[in-house]
Amino acid sequence: MGLDAIGMKSLFDGLLKNMNGGVFVIDQDMTIHFFSKAAEWITGYSHEEALGKPCYEIFKSDICADACPFKTVMKKGVPIKRMSMVILGKYGSQIAISRTAFRLKDADGNTLGMAAVFRDTTELQNLRQQLLQSEKMALMGQLAAGVAHEINNPINGIITYIRLLLRKLDENKVDPETWKKNLGLVERETKRIGRLVKNLLNFSRKTEPELRSVSMKNLIEDTLPLLKEQLLLKDINLIKKYDDNIAEVLGDPNQLQQVILNLVLNAVQAVEKQGKIKITLGAEGSGFVHFNIWDDGIGIPQEDMEKLFDPFYTTKTGQQTGIGLGLSIVQRIIKAHHGRITIQSEVNKGTTVSVRLPTL
Ligand SMILES: Nc1ncnc2c1ncn2[C@@H]1O[C@H](COP(=O)(O)OP(=O)(O)OP(=O)(O)O)[C@@H](O)[C@H]1O
Ligand SMILES: [Mg+2]
């Protein structure tokens, strides 16, 4: 006796009243016949309001009209397992839910209707959003510290040269050569700030790429002219090798251009005058495109390899100033494209950066 004698009805009644998931039952005409306590809490409708109404009047969702999944559940008997969607509550609020649904049959196997169990996942989704946001904020804090430092140096330089010019102007002692030299320095420092701001914008921009079909070959060819000046200045021996018929990738052309620019620029900065840089593009099976950038430059010591992708990690000082954002931007973009980046290097021999991207 004891618990064994418990009536199934009382068990189910208790369960339905006390469980956190909302439950509702509809017949084949979509009319609601049962609406549990938790269903009331989640949607804001009382069961008196819900009973007898078609389900799409209570669970307003944009899939109701065109793609109602309940009909398939009832006709084919295929249950819905954990489907996420957003419904409109009684008071107009958007409620994220996750639901499952299954067919109800009579003893002869005839379909009577369908039951659905659903959970309010709004809070869970908010938490996820908050987590993402706080990760971003932590990164922004890091960024702000670096930016303050980075912007200060060129601004000090600019102020110094301008003061110098003003003083000489007061003394009536400025010859065109000095003007030119000092203004040239002001220009260089201002460009540096411009570059920093541009990189920062790229860094903080949304990571979701705007996807379309991209030919990496065309993109590389369109991007290299932007680096003409740097390539000429070092008289670089640039070799390009593209395989034929390479599939297009699904990508954001602006972001992928950032990748190419940053990687080629790193290679240019790593080599001596008349250094060699080789860019290759090939297919890896039918699913991937890989493009490699090889240089015969200074290389990277083994112990520094793991820091390369850290924001603000740079070894470039003096003439060749770096901010250390290049590779971290590149890595984020490639991740967002479901690709992979690897770097191999040997000091004084050179570096190969390999990028693999999934094809369309
Ligand atoms: N091809 C390469 N050869 C040698 N070292 C490299 C190469 N690419 C990157 N590195 C090393 O990795 C560091 C980080 O690169 P990253 O592109 O992130 O920053 P940066 O080039 O220093 O500055 P920024 O790209 O922001 O102007 C560089 O400072 C350099 O030490
Ligand atoms: Mg760089």
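The values are calculated or read from the model by the stated rules, or taken from the named source; none is laboratory data. This structure is a prediction, so every number in the text was calculated from the model and none was measured. All Cβ positions, even for glycine, are placed from backbone atoms using ideal geometry, and neighbour counts span all protein chains on display. Protein only, heavy atoms only, side chains kept; ligands, DNA and RNA dropped before computing areas. Shrake-Rupley method; radii C 1.70, N 1.55, O 1.52, S 1.80 Å.
Please work out which one of (1) closer than 24 Å to residue 147 by Cα; (2) surrounded by fewer than 18 Cβ atoms within 10 Å (Cβ to Cβ) is the condition residue 324 fails and give its number.
So residue 324 meets the others, but not (2).
Quick one: in the stretch 83-99, which of the residues that are hydroxyl-bearing (Ser, Thr, Tyr) and under 15 Å from residue 63 (Cα atoms) is least open to solvent (accessible area, probe 1.4 Å)?
98
Give me a count of the residues in the stretch 321-348 that are more than 12 Å from ligand 2 (Cβ to nearest atom), over 16 Å from the mean Cα position of the chain (by Cα) and among the small types (Gly, Ala, Ser).
1
Please give the number of the condition residue 304 fails out of (1) near ligand 1 (Cβ under 9 Å from one of its atoms); (2) surrounded by 17 or more Cβ atoms within 10 Å (Cβ to Cβ); (3) outside any loop (DSSP other than H, G, I, E, B).
Against the list (1) near ligand 1 (Cβ under 9 Å from one of its atoms); (2) surrounded by 17 or more Cβ atoms within 10 Å (Cβ to Cβ); (3) outside any loop (DSSP other than H, G, I, E, B), residue 304 comes up short only on (2).
What pairs come up if the first residue lies in the stretch 110-135 and is touching a residue at least 40 places away in the same chain (Cβ under 8 Å) and under 27 Å from residue 34 (Cα atoms), the second is in a helix (DSSP H, G or I) and open to solvent by 80 Å² or more (accessible area, probe 1.4 Å), and their beta carbons are under 9 Å apart, counting only those six or more places apart or on different chains?
111/75; 120/41
Run residue 244 past the list (1) open to solvent by 20 Å² or more (accessible area, probe 1.4 Å); (2) of a type in the set (Asp, Glu); (3) within 16 Å of the chain's Cα centre (by Cα) and report the number of the one that doesn't hold.
(3)
May I ask you to verify whether residue 279 is buried (at least 18 other Cβ atoms within 10 Å of the Cβ) and more than 8 Å from ligand 1 (Cβ to nearest atom)?
On the way: buried (at least 18 other Cβ atoms within 10 Å of the Cβ): yes; more than 8 Å from ligand 1 (Cβ to nearest atom): yes.
Taking the combined requirement at face value, the residue satisfies it.
Can you tell me which residue among 269, 258 is at pLDDT below 90, within 16 Å of ligand 1 (Cβ to nearest atom) and either surrounded by 18 or more Cβ atoms within 10 Å (Cβ to Cβ) or closer than 21 Å to residue 351 by Cβ (or both)? Steps first, please.
Values: 269 fails: at pLDDT below 90.
The conditions single out 258.
Within the stretch 221-238, can one find any residue that is exposed (fewer than 13 other Cβ atoms within 10 Å of the Cβ) and part of a loop (DSSP other than H, G, I, E, B)?
The answer is yes, given that some residue of the stretch 221-238 is exposed (fewer than 13 other Cβ atoms within 10 Å of the Cβ) and part of a loop (DSSP other than H, G, I, E, B).
Among 295, 310, which is among the acidic types (Asp, Glu), within 14 Å of ligand 2 (Cβ to nearest atom) and without any contact (Cβ under 8 Å) to a residue 40 or more places away in the chain?
On inspection, the qualifying residue turns out to be 310.
Tell me, please, whether a residue that is in a loop (DSSP other than H, G, I, E, B), within 9 Å of ligand 1 (Cβ to nearest atom), crowded, with 17+ Cβ neighbours inside 10 Å and not hydroxyl-bearing (Ser, Thr, Tyr) can be found in the stretch 328-338.
Checking the stretch 328-338: not a single residue is in a loop (DSSP other than H, G, I, E, B), within 9 Å of ligand 1 (Cβ to nearest atom), crowded, with 17+ Cβ neighbours inside 10 Å and not hydroxyl-bearing (Ser, Thr, Tyr).
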